[in-house]
Every structure is written in structure tokens, then in C-alpha cells.
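Below is one structure, written out as C-alpha cells, with a few remarks after it.
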Amino acid sequence: MAVKFLSGIDVDGSLNLAASDIPNLAASKITSGSFATARIPNLAASKITSGSFAAARIPSLPASKITSGTLNSARIPDLSSTYQVSGDYVTTEGLEAYGYITSETDSQTLSISGTTLSLTNGGSVTLPTSTGPEGPEGPQGPAGTNGTNGSDGAEGPEGPQGPQGPAGTNGTNGTNGSDGAQGPEGPQGPAGPAGSNGTNGTNGSDGGEGPEGPQGPQGPAGAAGATGPQGPAGNNGADGADGGVGADGPQGPQGPAGSTGPQGPQGVEGPAGSNGTNGTNGSMYGPDKYLFQTAVTYTSSNAKISINSQEINGSTNTSLSSNRITFGSAGTYLISWNINWQSLYNNRSTFGATAKLNGSAIAGGTNLQYFRYNTYGHKSTTSTSFAVTVTANQYLEFFTFLHAGSTNHKVTSTNGDGGAITVMRIV
């Protein structure tokens, strides 16, 4: 017979294959025949799940391994009194077979103290206390089944608070509101009290020298001088002609300036001026406030949270109906809310609440808190504030929100506060 191994190569006759020519085979490829015992490796006892072992395959077992069933009497050896220290070993029928007395014809009471066995009518026996040599250690038994897992350990203490995160970026400034209408002019206020007297002013500086005044009138003639002594009589001269009138002499210098006179008294205060017109009033709205219903337990996420009543009715124009807060006017509103919770869940959870406008979540309206096991009596508060622009008749609702764990949380009153919602129109 010719066998083609490769293209162009034929073998005619027999061919011996070496073991290296046969590839490794998966066990699933052996589907018939029997392996020789030399081909079967040693197997652990756990691999033998059916059939019976030959006696030669069963090792000697210590008595502690026999925990159920009844041994055949042929397997129990004869026991000496050394091993009969307690319990019932021989029946009445067994004693009769050996010819011993079984009725109380001459009965006595046995008692034991330590290793001494005594009769009531006298006589005693000291029991041996020695034991035989320790037998050889038996072979190791099969591994026991795995024990059940231990219960979870108690939760460790809460770790220290992490460092404060970096400050968030500043939000953009809101647009300026439009000016409100000008209010009417207020009535004139009463006149203010008279002001106190002002302080005296400082003396003014000396004025400059004034222009030269006009020539004053001629002064009166001076008094006649005393008559001098008469001189000796001169020779009479000839009479001269009369002289002309002499010119006026120059004006004398100006006298020094006189001292400044005292300051006059302060004049009376003038009447107060009239008040100016009042400025225009800005827009302002009083807040509305609502209270959450306490002692209500929520067991599912996205469950509507109950609102109990309105505590403050300001001028913001909102109303409450069926756990909805409805806006009566279009505008921009500032919303602040908080809810006090107690976890009834027997494990950790991350849980909180979210605000929705007409069924849609509002940016900035969700807050979550981490809760520990209910055995810790753990309480926490969810709260946040946000601004929202609405049209008339839109409504605000609050819902539970579960992030991790399971929902079983109750709105509870803490220090008299179960939680509230404050709504205030700002534009």
C-alpha cells in the first residue's frame, strides 16, 4: 500500500512511527478501549467516587475514626478487669453462663475511692494505674470538609475627615434687574433743629496802603512866640520894598494805621431749606416657607416626598397642593431646602433627595449623604440652594434619590426640625 505524506513523496510498504511523531492528545480524544495499569497515575482518594476497595487497600484506622454503626462482637477483644473501670460490660445472662450468682442471696455493696475498690463486709482491692505502651500513630485521615465562613467582623471606626477640597470657580454674575416704577413723592418732613453757632473766622490780613488822600485844610495859626530882648538900636536903614508871599511847604508823612476793632456778634441763623424729593423704591418680595412631613419612611428611589404645610405666606405668590409648590407668577426664584433623615437600612448607603421642575431635575437641586448601618442610629441632613427661572403655573416637587446600597430611610425631626423649603422671588 502506498501512503502519500507530502506532495511528490510516496511510501510503499510498512512504516514505524517514533513516539515523537505522535502529537499530544486531549483526554476527550480517548473514547474507547482500556489503558494498561502502568498508564494510570497514582490518584488521590478524593478521585475515587464509586465501587469498593479491596481489604488490602484500606489502611488501619484508629478507634476515633469509628463514629457510627455497631461493631460485630468478633471484632471486640476479651477485656481484663484493668479496662473495666466504669459502665456495664456483662449482662445477667453472661454471668449465668459462667456459673456466677445473679440474685441477691449474699449481696454486698462495692465502693471506689481513688484506686481502691472496697466491699461493705470488708476486703478491698487496689486497682492498677499503669497503662500499656502507646500504639503507633495511625495514617493521616482524609481532609475534612471546609468549615462555614465566619460572620463578617464589626465595622471599623469611621476614618478621619479628608482635607478640604479646592475652592470652586466663581459663578457668573446674574443680570441686573429692571428698575421698579417710581413711587409717589412723600410729604415734606418737619423742619430740622437749629444748627449750632459756627466758630469765629480768623482775622483777615492787613490791606495794602491806600492812595494818597487830598490835601487837608490849612491848620490854624500858631501861637505868637515870646518877645525877645530888645537889641541895641541899630542905625536906621532905608525902608526896603515889601517881599512876595512864600510858597507852601511839603505835606507831612501819613500817620500809622489804627488797631483792628473787635469782631461784631454773629448774625441770627437763616431758615432751614426745603427737603429734596424721595428716591424711587426698588422691588422686594417676602419669602414663602413650607415644612416637610416627618415620620414618613421611604423604601424606593424616585419616590415623591411629602410636604406637610405652609408656615410662612409672604408676597412671593406660590401655593401648595398634592405635595407640589406652584409658582403663580413668572420670574426668577431662589430656592433653599433641607431634610433630616434617619437610615433604617442594615448596611451602608449613599442616599438623598432631588428637586424637580415639572418632572425634570434642576441643576444644583440634588444633595446626597453617606449613611452607616442602622445599628449605629445614623442620621444626616441633605440640603442645597439654587436659583431657577420659571413661567407662571410651573410647579416644584421633591423626590428620593439612591446612589448606592438600598432605600429604607425615614424623615425624622432633629431638635424639632424635620426639614423645610424656602421660596423667594428675586426678579
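Since every read-out is calculated from the coordinates, none of them should be taken as a lab result. Keep in mind it's a predicted model, so treat the numbers as computed, not measured. All Cβ positions, even for glycine, are placed from backbone atoms using ideal geometry, and neighbour counts span all protein chains on display.
Over all alpha-carbon pairs in the stretch 288-425, figure out the percentage whose distance exceeds 26 Å.
Numbers: 1980 of 9453 pairs.
Counting every Cα pair in the stretch 288-425, those more than 26 Å apart make up 21 percent.
ARG75 versus SER413, label points 7 Å from Cα toward the beta carbon: distance in nm?
My value for the distance between the label points is 7.5 nm.
Run the simple label-point estimate for ASN302 and THR375 please: 7 Å along Cα→C-beta, distance reported in nm.
Placing both labels 7 Å beyond Cα along the Cβ direction yields 3.4 nm.
Efficiency by 1/(1 + (r/R0)^6): what FRET value for ALA154 and ALA361, r their Cβ-Cβ distance, R0 = 45 Å, to the nearest 0.05? Intermediate values should be presented prior to the final figure.
Working: r = 38 Å, r/R0 = 0.84.
Step by step, r from the Cβ atoms, then E = 0.75.
Would you list which lysines come within 16 Å of LYS379, measuring only between C-alpha atoms, while excluding same-chain residues fewer than 8 positions from it?
Within the straight-line cut-off, LYS379 pairs with LYS410.
At a Förster radius of 30 Å, what calculated FRET efficiency corresponds to the Cβ-Cβ distance of LEU127 and ILE58, to the nearest 0.05?
Once the sixth-power term is evaluated, E becomes 0.25.
Given charges of +1 on the Cβ of Lys and Arg and -1 on the Cβ of Asp and Glu, with all other atoms neutral, how large is the dipole of the stretch 288-425 about its Cα centre, in debye to the nearest 20?
Working: 9 positive and 4 negative charges, 54 e Å.
Magnitude of the dipole: close to 260 debye.
Give, in nm to one decimal, the length gained when the segment between HIS403 and ASN24 is fully stretched (0.36 nm per residue of separation minus the Cα-Cα distance). All intermediate terms of the calculation are to be shown ahead of the outcome.
Details: separation 379, 0.36 × 379 = 136.44 nm, distance 5.37 nm.
Here the segment from HIS403 to ASN24 would lengthen by 131.1 nm.
Could you give the length gained on full extension between ASN313 and ALA247, defined as 0.36 nm per residue of separation minus the Cα-Cα distance, in nm?
Details: separation 66, 0.36 × 66 = 23.76 nm, distance 10.94 nm.
Here the segment from ASN313 to ALA247 would lengthen by 12.8 nm.
Separation between the LYS47 and THR326 pseudo-spin-labels, each 7 Å from Cα along Cα→Cβ, expressed in nm?
If labels sit at LYS47 and THR326, their model points lie 8.1 nm apart.
Tell me, in nm to one decimal, what length is gained between ALA272 and THR145 on full extension, where the rule is 0.36 nm per residue of separation less the Cα-Cα distance?
On the way: separation 127, 0.36 × 127 = 45.72 nm, distance 10.79 nm.
Between ALA272 and THR145, full extension yields an extra 34.9 nm.
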